[in-house]
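Below is one structure, written out as structure tokens; comments come after it.
The values are calculated or read from the model by the stated rules, or taken from the named source; none is laboratory data. Note that the coordinates shown come from a computational prediction; the quantities given were computed from them, not determined experimentally. When we count neighbours, we look across all protein chains shown, and the Cβ atoms used for this are built from the backbone with ideal geometry, even at glycine. With ligands, DNA and RNA removed, areas are computed over all heavy atoms of the protein, side chains included. Shrake-Rupley method; radii C 1.70, N 1.55, O 1.52, S 1.80 Å.
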Amino acid sequence: MKISKHSVGIIHYTLKGDDGEVLDSSVGQEPLAYLQGHGNLIAGLEKDLVGKEAGDKFQSTVAPKEGYGEYDKGLEMEVPKSQFDGDADINVGMQFQAQIGERPQVFTVTEVEGDKIKINGNHALAGETLHFDVEVVEVRKATKEELEHGHVHGPHGHHHH
Ligand code: ZN
């Protein structure tokens, strides 16, 4: 069975940056189960998975615009501490969500200097070309419930309800 819209793909992947550094990998852990065509994976990788079947191994190179976006200088901001909740403790590395335009954006605190807080709304991998080594472990049909939820259930999927 080949991967197409609405199929469940179970894959092993290793993600490397442009300099060859391994950024993330499922190898040695549970493979990743995802639902094709529901935005579970970044667009560029999902596109390259179409038509693949169990046993296929391939490389996928994903440009920023189909990955985590171009780096946006405009998302580096400085805000006064008074913008944060009361006496919340603000530390470097903290993440929070803010509404920018029409979509929520995750910001990370990058610097705390007295009353000035520097934040950055770029994904840590924004602007990076991503290099995936992928191995397709299994392909199956999604259940009706998985399609309704837009994600995979079962042993390799996430658990909730
Ligand atoms: Zn669910």
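Those residues that are touching an Asp or Glu at 6+ places or on another chain (Cβ under 7 Å) and more than 16 Å from ALA142 (Cβ to Cβ), I need them from region 14-46; list them, please.
THR14, LEU15, GLY17, ASP18, ILE42, ALA43, GLY44
I need the strands (runs of 3 or more DSSP E) fully contained in region 61-161, keeping only those with at least 3 residues that are open to solvent by less than 40 Å² (accessible area, probe 1.4 Å) and either modelled with pLDDT under 95 or not polar (S, T, N, Q) (or both).
Output list reads 103-113, 130-141.
May I ask you to list the residues in region 4-29 that are outside any strand (DSSP E or B) and open to solvent by less than 30 Å² (accessible area, probe 1.4 Å)?
Passing the criteria: GLY17, SER26.
Is region 147-160 home to any residue that is more than 30 Å from ASP56 (Cβ to Cβ), in contact with a strand residue (DSSP E or B) (Cβ under 8 Å, 6 or more places away or on another chain) and not acidic (Asp, Glu)?
No - not one qualifying residue is present in region 147-160.
In region 41-58, is there at least one residue being at pLDDT 95 or above and in contact with a His (Cβ under 7 Å, 6 or more places away or on another chain)?
no
Need pairs with beta-carbon distance below 9 Å; first residue under 14 Å from GLY121 (Cα atoms) and without any contact (Cβ under 8 Å) to a residue 40 or more places away in the chain and within region 76-92, second open to solvent by less than 90 Å² (accessible area, probe 1.4 Å) and among the β-branched types (Val, Ile, Thr); sequence gap 6+ or separate chains.
The qualifying pairs are VAL92/THR108; VAL92/VAL109; VAL92/THR110; VAL92/VAL112.
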